[in-house]
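Have a look at the structure below before the remarks.
The values are calculated or read from the model by the stated rules, or taken from the named source; none is laboratory data. Note that the structure is predicted; figures quoted are calculated from it, not measured. When we count neighbours, we look across all protein chains shown, and the Cβ atoms used for this are built from the backbone with ideal geometry, even at glycine.
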Amino acid sequence: MTDTTPRRRYDSPVRRQRAAETRERILAAGAELLHGFPTWNWAALTVRAVAERAQVNERTVYRYFATERELRDAVLERFEEESGVVVAGLALGEVAAVTARMLEYVSTFPIEPRTPRDETVAAANARQRASLVAALEPHTEHWSAGDRAVAGAVLDVLWSVVSYERMVVDWELDGQRFTALNAGPHFRFTEAVSFVISCKNQEEVDYYWSKLSAGGEEGPCGWLKDKFGLSWQVVPTALAELLSDKDSAKTGRVMQALMAMKKLDVAALDRAYDRAPGGAQGEN
């Protein structure tokens with residue numbers, strides 16, 4: 001017997017309204033938590049903390065925000081809406097007004113009592129600022145004292161630990177630690193620095209060459225630039241063996257073949273190594 005009883009639709013205006021209200025309550029809870037911190041402690045803005053504040057379970061939070069990062073991004077977007085600070089498309093003439101709105105909004109957060117500054121550190125900072133202004137003076141004779149002081153203050157900020165942390169990034173690649181400094185648009189990648197990938201066979205050469213050269217530029221002799229302009233050398237491990245032979249004729253043929261290639265061809269390098277004078281194959 002077929003059940004013809006009408007089923008209640010799962011999706012309905014009422015359910016959508018309740019879902020929107022729940023999402024809003026979760027966002028409001030996240031914003032309230034951050035408003036209570038002396039600093040924007042994003043690490044403390046966890047799914048568990050927000051769920052407790054919103055009086056929902058953690059599963060409910062994940063229903064609306066797939067990850068903790070997504071939740072934090074939504075809370076930050078809420079703060080941007082509250083503050084009226086929009087940096088996208090910001091024009092230089094708007095910086096002062098946007099900065100004023102930002103400072104006004106930040107002032108609504110509680111202020112954590114600051115410990116008195118160490119006199120030795122304070123004196124060192126004062127000497128640093130004075131030295132920066134003095135260094136600027138010979139090159140800014142037509143500037144006012146106020147403008148020179150502002151320029152010195154900007155340099156002083158750039159010398160701080162916080163600024164250093166923003167300009168420097170660390171990462172790990174294949175177990176190797178790297179540190180990079182943001183030097184701005186004036187200093188670009190060159191072939192003076194390159195990463196070498198040692199490939200055990202042609203399949204690996206083909207794979208890395210295809211992935212790294214996409215959007216970049218193929219170069220000679222196994223060199224390429226990726227889409228960021230960073231240079232890579234995609235090299236088969238067999239190449240070192242071929243070039244280390246004591247027979248200069250063999251290594252010369254390998255080098256000659258190598259110089260004519262972009263992506264390295266292991267089989268072609270092997271053929272050049274084995275080829276005897278006159279085009280015949282030599283003995284292995």
Members of segment 231-254 found to be without any contact (Cβ under 8 Å) to a residue 40 or more places away in the chain, in contact with a strand residue (DSSP E or B) (Cβ under 7 Å, 6 or more places away or on another chain) and either surrounded by fewer than 16 Cβ atoms within 10 Å (Cβ to Cβ) or under 20 Å from CYS199 (Cα atoms) (or both), listed by number: TRP232, GLN233, VAL234, VAL235, PRO236, THR237
Filtered residues of segment 72-122 (kept if in contact with a Gly (Cβ under 9 Å, 6 or more places away or on another chain), not in a helix (DSSP H, G or I) and not hydrophobic (A, V, I, L, M, F, W, C)): PRO110
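Out of the residues in segment 229-268 that are among the basic types (Lys, Arg) and not in a loop (DSSP other than H, G, I, E, B), state the one that is farthest from the chain's Cα centre (by Cα).
Residues of segment 229-268 among the basic types (Lys, Arg): 246, 250, 253, 262-263.
Pick out the ones that are also not in a loop (DSSP other than H, G, I, E, B) and you get 250, 253.
Numbers: LYS250: 45, ARG253: 43 Å.
Restricting to residues being among the basic types (Lys, Arg) and not in a loop (DSSP other than H, G, I, E, B), the top hit is LYS250.
Filter segment 123-142 for residues that are among the charged types (D, E, K, R) and either part of a helix (DSSP H, G or I) or modelled with pLDDT under 80 (or both); which is nearest to ASN182 (Cα to Cα)? Walk me through how you get there before you give the answer.
Filtering segment 123-142 down to residues among the charged types (D, E, K, R) leaves 127, 129, 137, 141.
Pick out the ones that are also either part of a helix (DSSP H, G or I) or modelled with pLDDT under 80 (or both) and you get 127, 129, 137.
Numbers: ARG127: 27, ARG129: 23, GLU137: 27 Å.
Step by step, filter segment 123-142, then rank; the result is ARG129.
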When the residues of segment 143-166 are narrowed to those that are of a type in the set (Gly, Ala, Ser) and more than 16 Å from ARG127 (Cα to Cα), which ends up modelled with the lowest pLDDT? SER163
Does LYS211 meet the test of being part of a loop (DSSP other than H, G, I, E, B) and free of Cβ contacts under 8 Å to residues at least 24 places away in the same chain? no
